[in-house]
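One structure below.
The values are calculated or read from the model by the stated rules, or taken from the named source; none is laboratory data. It should be emphasised that the depicted structure is a prediction, and the values quoted were computed from it without experimental measurement. Note that each Cβ is placed from the backbone with ideal geometry, even for glycine, and that neighbours are counted across all protein chains shown.
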Amino acid sequence: MEQIRQLTTQFWHYLPYLVGGVAVLVIGWLVAWLVAGISRRLVARTRVDDRLAGAMALRQMGLADEIISLAFGLTFGAVAVAAAIAFGVGGRDLAGRKLQEWEESLRKKRDIQE
């Protein structure tokens, strides 16, 4: 009986997290559905909305906090690396010209000092 009482107590303690997670999931899906309806008129629809609502619900339930944090960090890092690569590839000519300007400036300074 003691184990059943402890199990019941743990269930009642966890129930608010479960209800909160389900509420976040339902509200997230509703908001995602509304935003997706609006965005369909503007751009192609992606499945990011469902994943975000699911991640928020899991976090609210206390499940997979580390997984959600890691996924966010990796996604943010991937976007940063992609932006850096795009800027580097797209700005290669500009960076090359800027380096030539700096080199010429240093040569002029060196010639003046000699």
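Picking from residues in region 8-36 that are touching a residue at least 24 places away in the same chain (Cβ under 8 Å) and in contact with an Asp or Glu (Cβ under 9 Å, 6 or more places away or on another chain), the one that is surrounded by the most Cβ atoms within 10 Å (Cβ to Cβ) is Gly28. I'd like to check something: does region 39-51 contain any residue that is basic (Lys, Arg), at pLDDT below 80 and either outside any helix (DSSP H, G or I) or in contact with a strand residue (DSSP E or B) (Cβ under 9 Å, 6 or more places away or on another chain) (or both)? Checked region 39-51: at least one residue is basic (Lys, Arg), at pLDDT below 80 and either outside any helix (DSSP H, G or I) or in contact with a strand residue (DSSP E or B) (Cβ under 9 Å, 6 or more places away or on another chain) (or both).
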